[in-house]
């Protein structure tokens, strides 16, 4: 069923504020008063939510042999059943049962290797010419690595490091081990995958922090020269992680500035400016070093300038895509004011101190069923509310998180709607947390607000120039199929 039309016009922001305010205040009333008439498009009223006698029978009437739902994650399937044993609180929990035999170890190894060498979604996410191109590229770097050993030995011998062939070879091998450790760092961080595309500002700033950490470890080798090789290897790993991150996020940033299909020209000029500034900084440092300043003090000053400049650099990048951080800013602004922020405002409010691998987030999109529900009764209570939707949204009080679960038929718009609903529910939870309101009422009111305002949010986002895509929100890959009542 299509979302309920939301009237557009000069008073649309007031309508959104009124709807949210009314819904928030409504949660202060008893849950039984909010049930009737609430199911506009989320299924029929649910008696077990109304606090009547049926609610007390949910736990007692559970069929231990029944399957709650099926779930699929990257080709592997599970079924969730009611556990025959009760937990410490005397309540039956949810149990996941694999629907196939464990994968052979070789498949796990192949999957692990694929996560390093091919993009997510391969082969559908790339063109057919990708494989031959990467094959020849790998062969080129194979011969390049072999040649590097020979040239390094020759250079060390030429500058007089040691005339003895055996000793110079050992020195060269130690130096190459240091560089090899750095290449290993590049490989490890390559698993971040599509995070380089949608959380590039967070990754870019994190890379600069890592670069300074690596430089600090290199500086510390002067205090412990006997540990030069392990410390140099560690520093090189960290710095190469920073380099691969900086390189991977560079093109999308330059692309945001190329209005005339001139990304090559923009990239060339950007790199030229960077190299010129680097040369000027090198020259200044050489002149300062002649006066024998404190190395630690100089490093601290330069590091502060580097990180402050990096922060301002990233904050001035204006992207027109809604990743998770900017989507949160847009939805929060829409709920509070009825307006979606402009591109510049939305980017300026984006939090760049939250890297994409951070797990302490308030909203989990595309979560596993077992993470969202620990008790069968909590799932059965809200299941009828989302019969006509391709997602479910719930709140896990023990983890203090909103979980948006995606059904197996979920399309792009369903994922976006699930994310929007999750943030609306989070608003209700936060606004009434101190008053201890009933979750049922909060969920029902969030359903009504989403039904009336989701279409308006999308329209206003497009008017501001935002590009909305479910892929940019990085949803989890778990999909579940709820069983229909017979």
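With neighbours defined as other Cβ atoms within 10 Å of a residue's Cβ, the residues 432, 337 order from fewest to most as 337, 432. As a rough footprinting exposure proxy, the listed residues 127, 249 were ranked by other beta carbons within 10 Å of their own, and the order from fewest upward is 127, 249.
Highest average first, the peptides 256-266, 310-320 ordered by how many other beta carbon atoms sit within 10 Å of their residues are 310-320, 256-266. At q = 0.14, 0.26, 0.29 Å⁻¹ the log10 of I(q)/I(0) for the stretch 388-433 amounts to -0.33, -0.89, -1.01, computed by Debye summation with a single uniform scatterer per C-alpha, solvent ignored.
As a proxy for reagent exposure, 231, 287 were ordered by neighbouring Cβ count within 10 angstrom, fewest first; the result is 287, 231.
Projected label points at residue 220 and residue 142, each 7 Å from Cα along the beta carbon direction, are separated by 3.8 nanometres. Between the C-alpha center of the stretch 269-323 and that of the stretch 385-413 there is a gap of 45 Å. Between residue 76 and residue 396, the modelled labels are 1.8 nm apart [label points 7 Å from Cα along Cα→Cβ]. A viscosity of 1.002 mPa s and a temperature of 20 °C, combined with the Kirkwood radius over Cα pairs in Stokes-Einstein, give a translational diffusion coefficient for the stretch 200-319 of 133 µm²/s. Computed packing ranks the peptides 294-304, 201-211, 371-381 as 201-211, 371-381, 294-304, most packed first, by mean other Cβ atoms within 10 Å. With 0.36 nm allotted per residue and the present C-alpha distance subtracted, the residue 387-residue 229 stretch has 50.8 nm of extension available.
Bear in mind that the values in this text are calculations on the coordinates, not laboratory data. Since the structure is predicted, the reported quantities are computational estimates derived from the model, not experimental observations. Ideal geometry is used to build each Cβ from the backbone, glycine not excepted, and the neighbour counts take in all protein chains shown.
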